[in-house]
Amino acid sequence: MVQNNTKKYKIDILKNPTTIKLLAQQIKAASDAYISKKMKEEDFRELIFHYATYHGKKLFSASGSLNPTVINRIGKKRCELVELILKDFQLSIF
């Protein structure tokens, strides 16, 4: 008898990181999971929008671009992926 063993990958990502470095680490883990097809695009997009909405002060700098610490921690290609996801996102004032 042949068993069909399909592994469901469970990615442990924090929704509410406390520091900028931890936020960058979670974005890096999520984008790696997305690139390796362990995470669906909708889930990745939802996570990035959650970070942008609720943790905008950590994710963005004063000029509106990504925080330099986040850019240095996640790397150029992951940064391009996050910027592509956030292309039409507008940070609220309140």
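The values are calculated or read from the model by the stated rules, or taken from the named source; none is laboratory data. Being a predicted model, the structure only gives us computed values, none of them experimental. Every residue, glycine among them, receives a Cβ derived from its backbone with ideal geometry; neighbour counts consider all protein chains shown.
Numbers below:
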{"read-out": "Close pairs (9 angstrom Cβ cut-off, 6 or more residues apart or separate chains): within 22 Å of Thr18 (Cβ to Cβ) and in contact (Cβ under 8 Å) with a residue 40 or more places away in the chain in region 39-53, assigned to a helix (DSSP H, G or I) and among the aromatic types (Phe, Trp, Tyr) anywhere", "value": "Phe44/Tyr34"}
{"read-out": "Cross-chain or 6+ apart pairs with Cβ under 7 Å, region 1-30 first and within 15 Å of Arg73 (Cβ to Cβ) and among the β-branched types (Val, Ile, Thr), then modelled with pLDDT of 85 or more and in a loop (DSSP other than H, G, I, E, B)", "value": "Ile20/Asn67"}
{"read-out": "All positions within region 54-94 that are touching a residue at least 40 places away in the same chain (Cβ under 8 Å) and among the β-branched types (Val, Ile, Thr)", "value": "Thr69, Val70, Ile74, Val82, Ile85"}
{"read-out": "Residue match in region 19-37 (condition: within 23 Å of Ser92 (Cβ to Cβ), exposed (fewer than 13 other Cβ atoms within 10 Å of the Cβ) and modelled with pLDDT of 95 or more)", "value": "yes"}
